[in-house]
Amino acid sequence: MEANVAALETTLAEETTKRELAQFEVVSLEGTVTNLEEEVSNLEVVLAEETNTRKLAQAEIITLTQTISGLEEIVSALETDLESAQKTLAIKQNIILTLSDQLRRMKYPRHFISIAELTDWLQKDDTDTKDELPIQLALILQRRALMDGYLLPVSFYWQEGELRVINMAVFGRNIYGIRAIDDTLEFYFFSGVTPPLIP
């Protein structure tokens, strides 16, 4: 019997030790669980912050996308304006070149080189079709010739008690008269000298 009691006491001591170890392990596990719960709580906070940050980033992306779209429209409008301005500039540059060339010719007018050059120019000019007095037509012809860089000065003279008007053209030593009313070209006289092409 004493042997049985001793065996039971040994078994009881072992069970008590096992129970104490189990209780210790439970306490340890409870501490681990508490730590894990704290970590989960911290992770939930981090996740909430990250979710918030992500939502803010998405909102910013939407705003930036809209801004980019607006800027693209502005750039497109500016490109259209630039293209229009370049076309306008090209037109104005052509006008400036034309006016500069016309100004140069008007500044340094010359005599017609030949009768053919004069008659070609007269054919393109429509002064003779205008319903004006002969003196007015002669002055118009003189001005138009000057605008194209040519000399066709107006000359007045009396004939049979009447004032006549003609435009004078010089070809070397030959002087011709042009009637502005019908572009008639007549030889007037031979001069003794050949004037320079550009006086």
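The values are calculated or read from the model by the stated rules, or taken from the named source; none is laboratory data. These numbers come from a predicted model, not from an experiment. So basically every Cβ, Gly included, is an ideal-geometry build from the backbone, and we count neighbours across all protein chains shown. Quick note on the areas: whole protein, heavy atoms, side chains included, nothing else; ligands and nucleic acids left out. Shrake-Rupley method; radii C 1.70, N 1.55, O 1.52, S 1.80 Å.
Among the residues of segment 108-118, count how many are loosely packed, with under 14 Cβ neighbours inside 10 Å and over 44 Å from the mean Cα position of the chain (by Cα).
Total meeting the criteria: 3.
From the list ASP126, ASP183, which residue is open to solvent by 60 Å² or more (accessible area, probe 1.4 Å) and acidic (Asp, Glu)? Steps first, please.
Details: ASP183 fails: open to solvent by 60 Å² or more (accessible area, probe 1.4 Å).
Criteria check complete, one pass: ASP126.
Looking at segment 138-164 only, could you name the residues that are among the aliphatic types (A, V, I, L, M) and under 26 Å from THR98 (Cβ atoms)? It would help to see each step written out before you state the result.
As a first pass, look at segment 138-164 and keep what is among the aliphatic types (A, V, I, L, M): 138-141, 145-147, 151-152, 154, 163.
Matches in segment 138-164: LEU139, ILE140, LEU141, ALA145, LEU146, MET147, LEU151, LEU152.
With respect to the numbered conditions (1) over 19 Å from ILE115 (Cβ atoms); (2) open to solvent by 40 Å² or more (accessible area, probe 1.4 Å); (3) free of Cβ contacts under 8 Å to residues at least 24 places away in the same chain, which one is the sole condition not fulfilled by VAL154?
(2)
Have a look at GLU14, GLU49, GLU73 and point out the one that is part of a helix (DSSP H, G or I), within 26 Å of the chain's Cα centre (by Cα) and farther than 30 Å from MET147 by Cα. Break it down into steps so the answer makes sense when it comes.
Working: GLU14 fails: within 26 Å of the chain's Cα centre (by Cα); GLU49 fails: within 26 Å of the chain's Cα centre (by Cα).
Within the list GLU14, GLU49, GLU73, the selection yields GLU73.
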